[in-house]
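In what follows, a single structure is set out as structure tokens and then discussed.
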Amino acid sequence: MNLLFVCLGNICRSPGAEGVMRHLVAEAGRTDAIHVDSAGTAAYHVGEAPDARMIRAAARRGYDLSDLRARQFTVADFDRFDRILVMDDANYDNVCRLAPTLEAQAKVERLATYAHGHTLDHVPDPYYGGAAGFDLVLDLLEDACTTLLKEI
Ligand code: 4NP
């Protein structure tokens, strides 16, 4: 099973999701069976480490994001991944626009639908906000990734 998390810049939300899910997968002893990656729909931050605010917020919860580097989502990702989890409606539209087939498009889902302990229908972009936004993102990601992994 190959899982891809997608946001806009691949420096805040989707690397956070990658770190949370890797941690949960390792805890469940499924590292050999479940592969996790992340990407951004935009190329602004390609090659960069995650945002320092996200690295710090994640580190406080025991997730090490410091080795991750941003990359842009490409059409080849539809072949390489079984499930593509996006953070918001703009990500959903941008990824679906690149889908070569209906089967590829059907791989795209909104991650927030798995966050059963929260009422938000998207994972809000924390980039222009304060530190609390990063903690809300991590709360949502932990909630959603726990549910998603149980389902898998
Ligand atoms: P992300 O957050 O999509 O969660 O990585 C953002 C990162 C960068 C920008 C916007 C959102 N930006 O405009 O550069």
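The values are calculated or read from the model by the stated rules, or taken from the named source; none is laboratory data. Note that the structure is a prediction, hence the values are computed from the model and not measured. Cβ sites come from the backbone with ideal geometry, for glycine too, and all protein chains shown count toward neighbours. Ligands, DNA and RNA are excluded from the accessible area calculation, which covers all protein heavy atoms including side chains. Shrake-Rupley method; radii C 1.70, N 1.55, O 1.52, S 1.80 Å.
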- So, of the residues in the range 108-133 that are over 19 Å from I84 (Cα atoms) and within 11 Å of the ligand (Cβ to nearest atom), which turns out to be least open to solvent (accessible area, probe 1.4 Å)? P126
- Note on the structure: Result of the Cβ filter at 6 Å on the range 57-86, keeping first residues that are free of Cβ contacts under 8 Å to residues at least 24 places away in the same chain and β-branched (V, I, T) and partners that are outside any loop (DSSP other than H, G, I, E, B) and surrounded by fewer than 23 Cβ atoms within 10 Å (Cβ to Cβ), at least 6 apart or interchain, is none
- Message: I'd like to check something: does the range 16-27 contain any residue that is free of Cβ contacts under 8 Å to residues at least 12 places away in the same chain, more than 14 Å from the ligand (Cβ to nearest atom), on the phi < 0 side of the Ramachandran plot and assigned to a loop (DSSP other than H, G, I, E, B)?
- Response: no
- Candidate set from the range 33-55 (those that are hydroxyl-bearing (S, T, Y) and part of a loop (DSSP other than H, G, I, E, B)); member that is least open to solvent (accessible area, probe 1.4 Å): T41
- Only one residue in R13, R30, R83, R71 is open to solvent by 60 Å² or more (accessible area, probe 1.4 Å) and either at pLDDT 95 or above or farther than 14 Å from V137 by Cα (or both). Which one? R30
